[in-house]
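Notes follow once the structure below has been shown.
The values are calculated or read from the model by the stated rules, or taken from the named source; none is laboratory data. Since the model is a prediction, treat every value here as computed from it, not as a measurement. Please note: Cβ atoms are built from the backbone with ideal geometry, for glycine as well, and neighbour counts cover all protein chains shown. Accessible surface is based on the protein model in full, side chains and every heavy atom, while ligands, DNA and RNA are left aside. Shrake-Rupley method; radii C 1.70, N 1.55, O 1.52, S 1.80 Å.
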Amino acid sequence: MTFTPGQSVRLRLTSSQFDPYLLVRTPGGRRIDNDDMASGNRDAALEFPLAEAGTYEVVVTSYRPSERGAYRLLVE
(Lines give C-alpha, C1' and ligand atoms only; values in the text may rest on other atoms or scores of the structure.)
Protein backbone atom coordinates (compact mmCIF):
# COMPACT_ATOMS: atom_id res chain seq x y z
CA MET A 1 0.00 0.00 0.00
CA THR A 2 1.28 3.48 -0.80
CA PHE A 3 0.47 6.40 1.50
CA THR A 4 1.27 10.12 1.68
CA PRO A 5 3.34 11.39 4.65
CA GLY A 6 1.38 13.43 7.17
CA GLN A 7 -1.65 11.15 7.04
CA SER A 8 -2.41 8.54 9.64
CA VAL A 9 -3.75 5.10 8.95
CA ARG A 10 -5.84 2.65 10.93
CA LEU A 11 -5.84 -1.06 10.09
CA ARG A 12 -8.16 -3.63 11.62
CA LEU A 13 -7.91 -7.36 10.96
CA THR A 14 -10.75 -9.69 11.96
CA SER A 15 -11.44 -13.40 11.54
CA SER A 16 -13.78 -15.89 13.14
CA GLN A 17 -11.67 -18.81 11.84
CA PHE A 18 -8.23 -18.03 13.30
CA ASP A 19 -6.41 -15.70 15.70
CA PRO A 20 -5.30 -12.86 13.37
CA TYR A 21 -1.88 -11.23 13.55
CA LEU A 22 -1.09 -8.00 11.71
CA LEU A 23 2.36 -6.81 10.65
CA VAL A 24 3.39 -3.65 8.76
CA ARG A 25 6.83 -2.87 7.36
CA THR A 26 7.51 0.79 6.61
CA PRO A 27 9.48 1.98 3.56
CA GLY A 28 12.48 2.44 5.88
CA GLY A 29 12.25 -1.12 7.24
CA ARG A 30 10.62 -0.41 10.60
CA ARG A 31 8.32 -3.20 11.82
CA ILE A 32 4.97 -2.47 13.52
CA ASP A 33 2.82 -5.40 14.68
CA ASN A 34 -0.19 -6.35 16.77
CA ASP A 35 -1.78 -9.59 17.88
CA ASP A 36 -4.77 -8.58 20.04
CA MET A 37 -6.22 -5.08 19.86
CA ALA A 38 -7.63 -5.37 23.40
CA SER A 39 -7.74 -7.84 26.24
CA GLY A 40 -10.30 -10.53 25.47
CA ASN A 41 -10.52 -9.52 21.79
CA ARG A 42 -8.58 -11.63 19.27
CA ASP A 43 -8.86 -9.06 16.46
CA ALA A 44 -5.63 -7.26 15.50
CA ALA A 45 -5.45 -3.50 14.96
CA LEU A 46 -2.85 -0.82 14.30
CA GLU A 47 -3.09 2.96 14.12
CA PHE A 48 -0.02 5.02 13.33
CA PRO A 49 1.08 8.27 11.65
CA LEU A 50 2.69 7.96 8.25
CA ALA A 51 6.11 9.53 8.60
CA GLU A 52 7.64 8.17 5.38
CA ALA A 53 6.65 8.34 1.72
CA GLY A 54 6.60 5.08 -0.15
CA THR A 55 5.17 1.62 -0.01
CA TYR A 56 4.11 0.05 3.26
CA GLU A 57 3.99 -3.75 3.29
CA VAL A 58 0.95 -5.13 5.15
CA VAL A 59 1.21 -8.77 6.19
CA VAL A 60 -1.84 -10.72 7.35
CA THR A 61 -1.07 -13.95 9.18
CA SER A 62 -2.13 -15.98 12.19
CA TYR A 63 -0.79 -15.89 15.73
CA ARG A 64 -0.37 -19.67 15.77
CA PRO A 65 1.44 -21.52 12.96
CA SER A 66 -0.73 -23.34 10.42
CA GLU A 67 -3.99 -21.55 11.27
CA ARG A 68 -5.92 -20.54 8.15
CA GLY A 69 -9.26 -19.15 7.14
CA ALA A 70 -11.21 -16.20 5.86
CA TYR A 71 -10.44 -12.74 7.19
CA ARG A 72 -11.39 -9.11 6.75
CA LEU A 73 -8.89 -6.24 6.59
CA LEU A 74 -10.27 -2.73 7.03
CA VAL A 75 -8.07 0.24 6.06
CA GLU A 76 -9.12 3.73 7.11
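At a glance:
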read-out	value
Relative contact order (%) - criterion: Cα under 8 Å, at least six apart; region: the chain	46 percent
Per residue solvent-accessible surface (Å²) - the chain, probe of 1.4 Å	63 Å²
Test item: Cα-centred dipole of the chain, Lys/Arg +1 and Asp/Glu -1 on Cβ, debye	120 debye
Of all accessible heavy-atom area on the chain, the percent that carbon and sulfur account for (1.4 Å)	45 percent
